[in-house]
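S.K.: Please find one structure pasted underneath; my questions will follow.
The values are calculated or read from the model by the stated rules, or taken from the named source; none is laboratory data. Keep in mind the model is a prediction, meaning the values are calculated, not measured. All Cβ positions, glycine included, derive from the backbone under ideal geometry; neighbour counts span all protein chains shown.
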């Protein structure tokens, strides 16, 4: 796998363990690029497994490199965080039969030394999502070059983390837990707001819910 200018990876706990060998690492360690410091996944110390974000990494094999060289135009853009969220919601719906999910952070994102907003990213609320239609096709004059797009139509509400935890612990509420990094949840919330502009003004709200479109990735 690789990220721009990435040559190796390093966990965020590595420096702390170097300084204090006796320190116990947390269950989930952040995996970052040792070259550009991009957060690209997690290492689970309990089961010795690595989870990499598809939207932060690419995988090349001899076959894919040869195919790309033979036909550069045939190479599709990699999925984004929003694309992976759409796929996860579809998989959750297929697996559980539940159309309602609560999107909460996996773990706190590692601090960004270039971020001077005082940790404002941590204030991003969780998202309560209700998938209304898992397979629609739409086109908009606001995006004429995009052409027809395949998407999910959903309802959503930003909710506090405390409310999200209470919903997930309740046996009376049929909601599924979906975990993503804080940055992806924040980007998804912005994307939901932008997608509402593609809908008629009278169809952007429904019984206290906000209506949104979430595009699917087409490889």
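S.K.: I'd like to check something: does the range 183-203 contain any residue that is assigned to a loop (DSSP other than H, G, I, E, B), buried (at least 17 other Cβ atoms within 10 Å of the Cβ) and under 19 Å from the mean Cα position of the chain (by Cα)?
M.R.: no
Let's see how each residue does on (1) modelled with pLDDT of 90 or more; (2) over 17 Å from the mean Cα position of the chain (by Cα); (3) not in a loop (DSSP other than H, G, I, E, B):
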residue: 64; (1), (2), (3): no, yes, yes
residue: 113; (1), (2), (3): no, yes, no
residue: 116; (1), (2), (3): no, yes, no
residue: 132; (1), (2), (3): yes, yes, yes
residue: 144; (1), (2), (3): no, yes, no
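S.K.: Residue 79: part of a loop (DSSP other than H, G, I, E, B), at pLDDT 75 or above and either over 13 Å from the mean Cα position of the chain (by Cα) or surrounded by 16 or more Cβ atoms within 10 Å (Cβ to Cβ) (or both), yes or no?
M.R.: So residue 79 fits the description; yes.
S.K.: Filter the range 164-182 down to the residues that are in contact with a strand residue (DSSP E or B) (Cβ under 7 Å, 6 or more places away or on another chain) and outside any helix (DSSP H, G or I) and list them by number.
M.R.: Of everything in the range 164-182, those that are in contact with a strand residue (DSSP E or B) (Cβ under 7 Å, 6 or more places away or on another chain) and outside any helix (DSSP H, G or I) turn out to be 174, 175, 176, 177, 178, 179, 180, 181.
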